[in-house]
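The values are calculated or read from the model by the stated rules, or taken from the named source; none is laboratory data. Note that the structure is a prediction, hence the values are computed from the model and not measured. Neighbour counts are summed over all protein chains in view; Cβ atoms, including those assigned to glycine, are modelled from backbone coordinates with ideal geometry.
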Amino acid sequence: MLRKTLCCLFVVLGMTPLARAEEPVLVDPRVAAVAPYVNDKTFMVLHLNLRKLDLKTATDRFAALAPADAADQVGQAKAVVKIVEFARQNLIDSGAGDLYVIADGGEEPGAQPMAYLVVPVETGNDPQKVIATLSSMPGVDQDPFVHKGNVLYGDPETKTYVDAIQPGDTTRFKNAFKFAGQTDIQVAIAPTPAMIEQAQANVPAGGDEAQQELAQAMRGFVLTANLPPKPALAFFLLMKDDASAKQVNDMLQEFLQSEQGQQIKAHPLGAKMVELLTPTLDGDKLRLVMTEQNGGIAKLTEGLKEGVALAKDALENGALALPGGFGPPGGAPEGFPPPEGTPIPGATPPSDNPFK
């Protein structure tokens, strides 16, 4: 099941105060694409720029992180990417250069969200060609359909759901996409009023009043990334004002100085991750930017390699010794890892087709 930055520019030109001209308002195409579907329950929009994605280069870069004995898994992953790359090019050729996933919260707290795929089709192109490409992909078990000139895909209730949507204010996502930039992938998460209310209600009785204030002050979370050959990764935690952002930063620093934080930093890998992933306070937001130019991508790559080796060692030796004491007390439970070939309850039987 698959369950927005407006940038306004007013340029006033004129020879005298009585003679002025206004430039047209420039609307972020990402916001325009999802505007028919964003409503007061929408909490996430994911955007993939299909024209910018270089899947083969990204796969080769990630494959270099894999252990030497994972050649089979790497080969399977590359086979999957070939299929996905074929579909990506077909979508572009059909006038679909962008892909969005929209997620709305349920009516009641804890209810399963509604998430669905939106593929805008450029004017002059046939949506049926986009439908044919999506339908041909293994694992697509529902029929994509055309809605307001876009192709949508989701669970069986999606068509009825989107027909009933009352589009709402897109400001939350305009602001989020403003920080996301024009990358390959952007994820904008903006809590709905109902989510903020629920977060406040979840503060334990007698809990810190500051926690309730922070829940109300959070405006969103943005994750934005470029895949190789020019990798970059950034996130922004958006708060209501400078004071609330500083409060979050102070809480983070307090945790890092706590006993558990010190335990994390005492582990070589934990210390690297803390250095790499600790955000910087910047006015009304916290930001973390990793590029090849600032050395962040190289540090992240090194950390991922060490993390893979740590996980592999834990699986082979049955000990989940994670930085900071995370993991089950006493290490892995009895019988972990299970003997090779042990069936996993509920797992799909092995198949030559990695999509199945």
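Would you mention how many residues in the range 214-250 are assigned to a helix (DSSP H, G or I) and either loosely packed, with under 14 Cβ neighbours inside 10 Å or among the acidic types (Asp, Glu) (or both)?
Taking the range 214-250 first, the residues assigned to a helix (DSSP H, G or I) are 214-217, 242-250.
Now restrict to residues that are either loosely packed, with under 14 Cβ neighbours inside 10 Å or among the acidic types (Asp, Glu) (or both): 242-243, 250.
The number of residues fulfilling the criteria is 3.
Only residues that are in contact with a strand residue (DSSP E or B) (Cβ under 9 Å, 6 or more places away or on another chain), of a type in the set (Phe, Trp, Tyr) and within 19 Å of Thr183 (Cβ to Cβ): list them for the range 62-119, please.
Across the range 62-119, the qualifying residue is only Tyr100.
From Lys129, Lys56, Lys78, Lys82, grab the single residue that is touching a Ser or Thr at 6+ places or on another chain (Cβ under 8 Å), within 28 Å of Val308 (Cα to Cα) and not polar (S, T, N, Q).
Being touching a Ser or Thr at 6+ places or on another chain (Cβ under 8 Å), within 28 Å of Val308 (Cα to Cα) and not polar (S, T, N, Q) holds for just one of Lys129, Lys56, Lys78, Lys82, which is Lys78.
Taking the range 267-285 as the region of interest, how many residues are more than 23 Å from the chain's Cα centre (by Cα), surrounded by fewer than 16 Cβ atoms within 10 Å (Cβ to Cβ) and at pLDDT below 90?
2
Can you tell me which residue among Gly168, Gly95 is of a type outside the set (Ser, Thr, Tyr) and closer than 30 Å to Leu238 by Cα? Please lay out each step first, then the result.
Details: Gly95 fails: closer than 30 Å to Leu238 by Cα.
From the options Gly168, Gly95, the qualifying one is Gly168.
Name the pairs: first residue in the range 289-313 and under 18 Å from Asp60 (Cβ atoms), second residue outside any helix (DSSP H, G or I), Cβ to Cβ under 6 Å, at least 6 apart or on different chains?
Ile297/Pro231; Ile297/Met290; Leu300/Met290; Leu304/Leu65; Lys305/Leu65
Could you tell me which numbered condition His147 fails, if it satisfies all but one of (1) at negative phi; (2) modelled with pLDDT under 90?
(2)
Which members of the range 144-181 meet the condition of being of a type in the set (D, E, K, R) and in contact with a helix residue (DSSP H, G or I) (Cβ under 8 Å, 6 or more places away or on another chain)?
Narrowing the range 144-181 to residues of a type in the set (D, E, K, R): 148, 155, 157, 159, 163, 169, 172, 174, 178.
Listed by number, the list holds a single entry, Lys174.
So, Gly261, is that one touching a Phe, Trp or Tyr at 6+ places or on another chain (Cβ under 7 Å) and assigned to a helix (DSSP H, G or I) or not? Break it down stepwise before answering.
Details: touching a Phe, Trp or Tyr at 6+ places or on another chain (Cβ under 7 Å): yes; assigned to a helix (DSSP H, G or I): yes.
So Gly261 passes the test.
Within the range 287-307, restricting attention to residues that are of a type in the set (A, V, I, L, M, F, W, C) and not in a helix (DSSP H, G or I), which residue is nearest to Lys246 (Cα to Cα)?
The initial filter retains those residues of the range 287-307 that are of a type in the set (A, V, I, L, M, F, W, C), namely 288-290, 297-298, 300, 304.
Cutting the leftovers down to not in a helix (DSSP H, G or I) gives us 288-290.
On the way: Leu288: 15, Val289: 18, Met290: 21 Å.
Of everything passing the filter in the range 287-307, Leu288 is nearest to Lys246 (Cα to Cα).
Hey, among the residues in the range 82-91 that are of a type in the set (A, V, I, L, M, F, W, C) and under 22 Å from the mean Cα position of the chain (by Cα), which one's farthest from Leu134 (Cα to Cα)? Quick ask: steps written out before the conclusion?
Taking the range 82-91 and keeping what is of a type in the set (A, V, I, L, M, F, W, C), we get 83-84, 86-87, 91.
If we keep only those that are under 22 Å from the mean Cα position of the chain (by Cα) too, we end up with 84, 87, 91.
Numbers: Val84: 10, Ala87: 8, Leu91: 8 Å.
Checking each candidate, the answer is Val84.
Being of a type in the set (D, E, K, R) and part of a helix (DSSP H, G or I) is the filter here, so list the residues in the range 47-72 that pass it. Steps first, answer last, please.
Residues of the range 47-72 of a type in the set (D, E, K, R): 51-52, 54, 56, 60-61, 69, 72.
Across the range 47-72, the qualifying residues are Lys56, Asp60, Arg61, Asp69, Asp72.
Just to check your reading of the model, which residue among Gly124, Gly106 is within 22 Å of Ala188 (Cα to Cα) and out of contact with any helix residue (DSSP H, G or I) (no Cβ under 9 Å at 6 or more places or on another chain)? Break it down stepwise before answering.
Details: Gly124 fails: within 22 Å of Ala188 (Cα to Cα).
So the residue among Gly124, Gly106 that is within 22 Å of Ala188 (Cα to Cα) and out of contact with any helix residue (DSSP H, G or I) (no Cβ under 9 Å at 6 or more places or on another chain) is Gly106.
Scan the range 288-300 for residues that are surrounded by fewer than 17 Cβ atoms within 10 Å (Cβ to Cβ) and not hydrophobic (A, V, I, L, M, F, W, C) and jot them down.
Selection gives Thr291, Glu292, Gln293, Asn294, Gly295, Lys299.
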